[in-house]
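The values are calculated or read from the model by the stated rules, or taken from the named source; none is laboratory data. Source: prediction; values computed, not measured. Because the Cβ atoms are built from the backbone with ideal geometry, glycine has one as well, and the counts that use them run over all protein chains shown. The accessibility values were calculated without ligands, DNA or RNA, using every heavy atom of the protein model including side chains. Shrake-Rupley method; radii C 1.70, N 1.55, O 1.52, S 1.80 Å.
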Amino acid sequence: QVQLEESGGGLVQAGGSLRLSCAVSGSIDSIKFLGWYRQAPGKQRELVAVMTSGGNTNYRDSVKGRFTMSRNNAKNTVYLQMNSLKPEDTAVYYCNALLLHVGYWGQGTQVTVSS
């Protein structure tokens, strides 16, 4: 099993920055992918950024150049640095860990960007 705990959300003005953290525990060595997803009210959950076990990252087009996913292996934590935030980035952000046959979710953290 894997446990995930997000933190770092909040209210920020457009153009501002936030850094989300996701503390990972449990069967960390079994994780194939770590990802950040978001879900805005009335919309489907969408993938924002993903990192392979080897450290390669990919981003959805709308956040490329603004968001950066990174990890600190010593702290078992992954981060999502979000710059130049826009009101359309407002959502609950979730951390996800994908193992071979199962995925795990954190509880989510709210990000609200005011115009």
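Residue-by-condition table, conditions (1) open to solvent by less than 30 Å² (accessible area, probe 1.4 Å); (2) not aromatic (Phe, Trp, Tyr):
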residue	(1), (2)
52	no, yes
56	no, yes
62	no, yes
70	no, yes
73	no, yes
96	yes, yes
105	no, no
111	yes, yes
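With in contact with a strand residue (DSSP E or B) (Cβ under 8 Å, 6 or more places away or on another chain) and either loosely packed, with under 15 Cβ neighbours inside 10 Å or farther than 14 Å from residue 96 by Cα (or both) as the only criterion, which of 4, 11 stands out? Please lay out each step first, then the result.
On the way: 4 fails: either loosely packed, with under 15 Cβ neighbours inside 10 Å or farther than 14 Å from residue 96 by Cα (or both).
The conditions single out 11.
Please work out if residue 37 is of a type in the set (Ser, Thr, Tyr), over 15 Å from residue 4 (Cα atoms) and surrounded by 15 or more Cβ atoms within 10 Å (Cβ to Cβ). I'd like the intermediate steps shown before the answer.
Working: of a type in the set (Ser, Thr, Tyr): yes; over 15 Å from residue 4 (Cα atoms): no; surrounded by 15 or more Cβ atoms within 10 Å (Cβ to Cβ): yes.
No: the conditions fail for residue 37.
What is the one condition in (1) hydrophobic (A, V, I, L, M, F, W, C); (2) open to solvent by less than 40 Å² (accessible area, probe 1.4 Å); (3) within 15 Å of residue 107 (Cα to Cα) that residue 48 does not satisfy?
For residue 48, the exception is condition (3).
Just to verify a result, which residue in region 75-94, among those that are polar (S, T, N, Q) and open to solvent by 30 Å² or more (accessible area, probe 1.4 Å), is farthest from residue 6 (Cα to Cα)?
Step one: of region 75-94, the residues polar (S, T, N, Q) are 76-77, 81, 83-84, 90.
Filter once more, so that each one left must be open to solvent by 30 Å² or more (accessible area, probe 1.4 Å): 76, 81, 83-84, 90.
Details: 76: 12, 81: 13, 83: 18, 84: 21, 90: 16 Å.
Step by step, filter region 75-94, then rank; the result is 84.
Give me the residue from region 1-37 that is of a type in the set (S, T, N, Q) and touching a Gly at 6+ places or on another chain (Cβ under 8 Å) and, out of that set, nearest to residue 84 (Cα to Cα). It would help to see each step written out before you state the result.
Step one: of region 1-37, the residues of a type in the set (S, T, N, Q) are 1, 3, 7, 13, 17, 21, 25, 27, 30.
Filter once more, keeping what is touching a Gly at 6+ places or on another chain (Cβ under 8 Å): 1, 3, 21.
Numbers: 1: 35, 3: 30, 21: 18 Å.
The extreme case among them is 21.
Can you work out which of the residues in region 54-74 that are without any contact (Cβ under 8 Å) to a residue 24 or more places away in the chain and among the basic types (Lys, Arg) is nearest to residue 36 (Cα to Cα)?
Ranking the qualifying residues of region 54-74, first place goes to 60.
How many residues are modelled with pLDDT of 95 or more, among the hydroxyl-bearing types (Ser, Thr, Tyr) and not in a strand (DSSP E or B) if we restrict to region 74-115?
Adding up the residues that qualify gives 2.
Of all residues in region 1-31, which are closer than 14 Å to residue 78 by Cα, of a type outside the set (A, V, I, L, M) and more than 12 Å from the chain's Cα centre (by Cα)?
3, 25 - these are the residues of region 1-31 that are closer than 14 Å to residue 78 by Cα, of a type outside the set (A, V, I, L, M) and more than 12 Å from the chain's Cα centre (by Cα).
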